[in-house]
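What follows draws every value from the coordinates through simple rules; no lab data is involved. As the structure is a prediction and not an experimental result, all values here were calculated from the model. Cβ placement follows ideal geometry from the backbone for every residue including glycine, while neighbour counts extend to all protein chains displayed.
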RNA sequence: GGUCCGGUAGCUCAGCUGGAUAGAGCACCAGCCUUCUAAGCUGGGGGUCAUUGGUUCGAAUCCAAUCCGGAUCACCA
C-alpha cells in the first residue's frame with residue numbers, strides 16, 4: 001500500500017473513531033502532498049467534513065491531529081493551516097522504508113493469469129522510409145509494451161505491415177520505367193530510401209503528366225484519372241491481385257529491399273516485434289465475418305449488392321463493409337485481423353497505437369465487432385496519439401517536408417558528440433566507448449523528446465531548432481545518474497550493492513528536509529508506474545523521473561556524501577542515491593533510454 | 001453542418017477524478033566551480049489558466065453557451 005493511501009486510511013479511521021454517530025464516505029477524504037511552503041509531508045483537507053460535523057475546520061483538525069499522533073505510528077507532528085491538516089511522517093518510517101527497499105531493482109506488479117495483451121505499433125507502409133511521426137508511434141508502442149509488462153501483463157508486440165496496394169504499385173511502376181535495373185546495392189542506398197525515392201519519382205512524373213493533359217485541354221479530374229503512369233500503376237495492382245507471377249516477383253523484391261532498410265532503422269531505434277502481420281496475408285480476411293453478420297441480421301445488403309451496417313442509433317453513420325462487387329474495404333480487413341489476432345494468442349486485450357486521425361475508424365471498428373458479438377471487441381484499446389507537425393503544418397511526403405527518421409537519429413547522435421566534445425568530457429573513454437555514449441545520449445534525447453508529452457496532444461517540432469540537451473531532457477536524467485555512479489565508484493560500491501554492506505545503519509538517524517523528501521519521493525515510484533500503465537501514458541514516467549533527478553541535483557549540491565557529517569549519514573545518503581539511481585534506470589529503461597555510468 | 005479533441009508565461013509543456021499564493025524547461029537577468037561530474041545549483045522578472053455565465057465553503061479543473069485551432073464524417077488506406 002502506498003504511503004498516501006495509508007494516510008488516507010488513517011484519516012478515515014480517525015474520523016470513524018472520533019465521531020461514531022456519523023457515517024463518512026471514504027471517497028470524500030482528500031489527501032495531497034503538503035506544499036513546500038508549509039511544514040509536513042501529507043495534507044488532509046478538512047472542508048468536506050465541517051458542514052457534516054457542524055465544527056470549525058481548525059477544531060476538527062486539532063481533534064484529528066491529536067488522535068492520529070496518539071493512535072497512529074506514522075506521524076510525528078501535525079499543523080493546521082486554514083482548513084488543512086498537515087501531517088509530518090516520522091523519520092523512522094522513512095529510514096525503515098529505505099532500508100527495506102534500497103536494493104530493489106525491479107518494480108511493478110506481479111504477473112497475473114489471463115493478462116495477454118497485444119500491442120500493435122509501427123505498422124508502416126512499404127513505399128517510403130520512416131519519418132518523425134513514425135518515431136512517435138514506435139517509441140510509444142515500445143514504451144507501452146514494456147510498461148504493461150512491468151505491470152504484470154504478458155505482452156505480444158506486433159507489427160502490421162501494409163505491404164500491398166496502390167502505393168507500392170506506384171513505386172514499382174516508377175522503378176520499372178526509370179530505374180534501368182538499379183538496386184540498393186548498385187547505388188549504395190538504404191533499401192527503404194531507395195524504394196521511397198521511386199515513390200517520389202512517381203509523384204513527380206504523375207504531376208507532369210497531369211499538367212500536360214490539362215494543357216492539352218483536359219479537365220483536372222479526367223487528367224488525374226487518365227494520366228498514363230497512374231493507369232499503369234492501377235494495372236499493376238490488378239495484376240498483383242490476379243497473382244501475376246512477374247508482378248508478384250518484383251513486388252517481393254522491392255518489399256525485401258524495404259524490409260532490409262527497416263531492420264536497420266528498427267535496430268537503431270532499439271525496438272523489436274514478436275509477431276509481424278502482413279496485409280498481403282490479411283487483406284482478404286473479414287468477408288466471412290461479414291457473411292455471418294448478414295445471416296445474423298446485424299448487417300444489411302443494398303440493391304447493388306453492397307453490405308452495410310447502420311450505426312446511426314449510436315450517433316454514427318452507415319458504414320460500408322463490402323463493395324457491390326464483393327471486394328472488401330479497409331475496415332473489412334481490420335475486422336478480420338482483429339479476430340485473427342485474438343485467435344492467434346487468445347488475447348485479453350489488444351492495443352492499437354494509431355494516430356488520432358483514425359479515432360473514428362477505430363471507434364467504428366470496435367462497435368461493429370461488438371454488434372457482431374465477437375469476443376475480441378471488449379479488449380480493444382486505441383492508444384490514440386496526436387500527429388507530429390512542423391511549424392508550417394503537417395508533414396507531406398509529396399512536398400518533401402518530412403523529417404526522415406534515419407536523418408534525425410544521425411543528427412541527434414552528432415549533436416551529442418559535438419556537445420560532449422565542446423564540454424571537454426571525452427577524457428578516459430576509448431573511441432568505441434565514446435561512440436556508444438553519443439548513441440546513448442543522442443537517442444535518449446530523441447526518445448525523451450517524443451515521449452515526454454501526453455500522447456493525446458499533437459506536438460510541433462521545429463527542425464531548425466535542435467532538440468535540447470539541457471533542462472527537461474533525457475540528458476539531464478542521464479547526467480544525474482552518471483553523478484551517482486561517480487560517487488559509488490569513489491566508494492568502491494557496485495550500482496546494486498549487497499545489502500549487508502549497510503546493516504550498521506541505525507534507524508534513529510535524524511533526516512534533513514532534502515533527505516526525507518528524496519525518500520518520500522522514491523516511495524511514489526510504484527504508484528506512478530502503475531498509473532502510467534493504467535492511463536497508457538509513458539509521459540508520466542518522464543515527468544516523474546525528471547523531477548526525481550532534479551531533486552537529486554539539489555540534494556547533491558547541499559549534502560556531501562563521501563564527506564558526510566557522520567558515518568550514519570554517509571550510509572543513509574548512499575542508500576538514497578543507490579535507490580534513486582535504480583528507479584531512474586528502471587523508469588528510463590521502460591522508455592528504451594539507457595543511462596550511462598560516466599558522461 | 002454532425003461528432004470528437006485541444007486553447008495555461010514570449011516558446012514547449014505539467015497540473016484537469018474540485019482544495020492553500022497556478023508549476024517546470026527553454027529564452028532573458030544576477031550569483032555559484034581549490035570540496036563526490038557546472039550537461040549542474042541558487043535567486044529574479046514574466047499569467048485576465050480563450051471569453052461569459054452557472055454549480056460551491058472553494059473552479060485552471062465540473063456544467064452551459066460563445067470564440068479560435070485541429071481531426072474526422074470516402075465503394076482511400
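Quick notes on this structure:
- Degrees between helix A:359-371 axis and first principal axis of chain A (Cα, 0 to 90, nearest 10): 90 degrees
- Taking each residue as 0.36 nm, the span from residue A:378 to residue A:185 lengthens on full extension beyond its C-alpha to C-alpha distance by 64.8 nm.
- Calculated P(r) tail over 20 Å for the stretch A:386-467, as whole % of Cα pairs: 42 percent
- Beta bridges per DSSP, both residues in chain A: antiparallel share near 50 percent.
- Rounded Å value of the spacing that divides the Cα centres of the stretch A:525-583 and the stretch A:286-356: 49 Å
- Compared with the dominant Cα axis of chain A, that is its longest principal axis, helix A:191-215 is turned about 50°.
- Calculated translational diffusion coefficient of chain A (37 °C, 0.692 mPa s; Stokes-Einstein with Kirkwood radius over alpha-carbon pairs) equals 117 µm²/s.
- Fewest-first ranking of A:153, A:296, A:370, using other Cβ atoms within 10 Å as the exposure measure: A:296, A:370, A:153
- Computed label-point distance, nm, for sites residue A:45 and residue A:429 using a 7 Å Cα→Cβ extension: 4.8 nm
- Across chain A, Cα pairs under 8 Å and at least six residues apart give a relative contact order of 16 percent.
- Separation of alpha-carbon centers, the stretch A:451-498 and the stretch A:20-75, rounded to whole Å: 38 Å
- Summarising the label geometry, the points placed 7 Å from Cα in the beta-carbon direction at residue A:300 and residue A:510 lie 8.1 nm from one another.
- Ratio of Rg to Rh for the stretch A:165-272: 1.05 [Cα atoms; Kirkwood radius as inverse mean 1/r over pairs].
- Prolate/oblate/rounded call for the stretch A:98-175, Cα gyration tensor, a/c under 1.5 rounded: prolate
- Computed [θ] at 222 nm, deg cm²/dmol, chain A (DSSP H ≥ 4; -39,500 (n - 2.57); rounded to nearest 500): -17500 deg cm²/dmol
- Look at A:238, A:109 and count the other Cβ atoms within 10 Å of each Cβ; fewest to most, that gives A:238, A:109.
- Rel. contact order, % - alpha carbon contacts under 8 angstrom, at least six apart, the stretch A:53-187: 20 percent
- Spatial extent of the stretch A:3-89: Rg and Dmax, with the Cα atoms as the point set, Å: 11.6, 36
- Going by neighbour counts of Cβ atoms within 10 Å, the residues A:189, A:20 line up, fewest first, as A:20, A:189.
- Estimated FRET transfer efficiency when R0 is 60 angstrom, pair residue A:38-residue A:222 (beta carbons, to 0.05): 0.20
- Rounded tilt (10° steps) of A:228-242 against the dominant C-alpha axis of chain A: 80 degrees
- Annotation: average projected area of the stretch A:405-590 is 12.4 square nanometres, based on the convex hull of Cα atoms across all directions.
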